[in-house]
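Engineer: Before I ask anything, here is the structure I am working with.
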Amino acid sequence: SAASAAHVVNLDVRRRIASFALPGMPHSGSCITFDWNGAAVLATASLGDGSVTVVDMKTWQVVKTIPTPGPGFFIHSHANSPYAWVDSAASRSAHDTLTVIEKTTLGVVAQVREPGRTLSHIAFTRDGRYVLASLGEMDGALIVLDAKTFKEVKRIPMIQPLGIYTVWNKFSRSQTASH
C-alpha cells in the first residue's frame, strides 16, 4: 500500500514538529514505546499492511519496518519483557497469527497461531509473566500464554472475548501498553 505521513504535534507549542512515512493508518492509540540502542523509540502496527513501524522519538526517523503476516490492530509489551506482541487480526489470511518481536534486535522471534481462527486484543498481566489473547469468536476463549516460552498455559472459554484485560497496565501509563 502507499505510504502516508504521520505527524508529530508538540502540544506545548501547538504545532507540528515532525512527520514520517507510515505504511497505512495505525489503530487509534495502539503504539508502545521502549528503549532501543540508547534511544527512546515508538512502535506501531499498521492497519494498511502487514508491518510494525519503529520510530526514533528524538529524530522522528523510521529506524526499522518489521514485516508481519498481515495488517494488525494491537501491539503490546511490558517493562519486564524483552518482547513485543502484535496481532494480524485485520488480515484476511493471517488473522490467526500473533507475531513476537524481540525489542533489542527488532527481529521476529516467534509466531503463535490458532489456524483459521481470529487472535487479537493482546495484553500482559500486571507482572508481565503472561500474555492474554482473545480468540474472538462465538466459541472463543481468553488464551493465557507464557510470556517467555510463548506456550499456552490455560484457555478460558468465552463467547467473543474482547476488551481491556489488564486495567493496571492502562491506568499506570506503562510505556509498553497501548493507550
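Engineer: Sort out which residues of the range 133-154 are more than 18 Å from the chain's Cα centre (by Cα) and over 19 Å from Ser81 (Cβ atoms), and write them in order of number.
Structural biologist: Listed by number, the residues that qualify are Glu137, Met138, Asp139, Gly140, Ala141.
Engineer: What pairs come up if the first residue lies in the range 70-95 and is over 21 Å from Asp146 (Cα atoms), the second is of a type in the set (Phe, Trp, Tyr), and their beta carbons are under 9 Å apart, counting only those six or more places apart or on different chains?
Structural biologist: Ala90/Phe73
Engineer: Go through the range 1-21 residue by residue and tally those that are of a type in the set (A, V, I, L, M), in a strand (DSSP E or B), open to solvent by 50 Å² or more (accessible area, probe 1.4 Å) and in contact with a strand residue (DSSP E or B) (Cβ under 6 Å, 6 or more places away or on another chain).
Structural biologist: Residues meeting the conditions: 3.
Engineer: Output the residue which, of all residues in the range 139-164 that are under 15 Å from His95 (Cβ atoms) and of a type in the set (A, V, I, L, M), is modelled with the highest pLDDT.
Structural biologist: Among those that are under 15 Å from His95 (Cβ atoms) and of a type in the set (A, V, I, L, M), it is Ile143.
Engineer: Still on this model: Having 3 or more residues that are at pLDDT 95 or above and open to solvent by less than 10 Å² (accessible area, probe 1.4 Å) is the bar; report the strands (runs of 3 or more DSSP E) wholly within the range 79-126 that clear it.
Structural biologist: Here the list reads 83-87, 97-102.
Engineer: Out of all the residues in the range 59-78, which are open to solvent by less than 50 Å² (accessible area, probe 1.4 Å), outside any loop (DSSP other than H, G, I, E, B) and farther than 14 Å from Leu22 by Cβ?
Structural biologist: Passing the criteria: His76, Ser77.
Engineer: Any idea which of (1) within 17 Å of His27 (Cα to Cα); (2) in contact with a Pro (Cβ under 7 Å, 6 or more places away or on another chain) is the one Glu102 doesn't satisfy?
Structural biologist: That leaves (1) as the condition not met.
Engineer: Name the residue that is modelled with the lowest pLDDT, counting only residues in the range 22-58 that are open to solvent by 40 Å² or more (accessible area, probe 1.4 Å) and part of a strand (DSSP E or B).
Structural biologist: Cys31
Engineer: Report, ordered by the first and then the second residue, all pairs with beta carbons closer than 9 Å, sequence separation of six or more or different chains, a first member in the range 7-31 that is aromatic (Phe, Trp, Tyr), and a second member that is at pLDDT below 80.
Structural biologist: Final answer for the pair search is none.
Engineer: Something else: Given the condition open to solvent by 70 Å² or more (accessible area, probe 1.4 Å) and among the aliphatic types (A, V, I, L, M), answer yes or no: does some residue in the range 131-138 qualify?
Structural biologist: Start the filter on the range 131-138 by keeping residues that are open to solvent by 70 Å² or more (accessible area, probe 1.4 Å), which leaves 138.
From the residues that got through so far, the ones that are among the aliphatic types (A, V, I, L, M) too are 138.
Yes, that holds for at least one residue.
The values are calculated or read from the model by the stated rules, or taken from the named source; none is laboratory data. Owing to the predicted nature of the structure, the values given are computational and were not obtained by experimental measurement. Every residue, glycine among them, receives a Cβ derived from its backbone with ideal geometry; neighbour counts consider all protein chains shown. When the accessible area is computed, the model is the full protein with side chains, heavy atoms only, and any ligands, DNA or RNA have been set aside. Shrake-Rupley method; radii C 1.70, N 1.55, O 1.52, S 1.80 Å.
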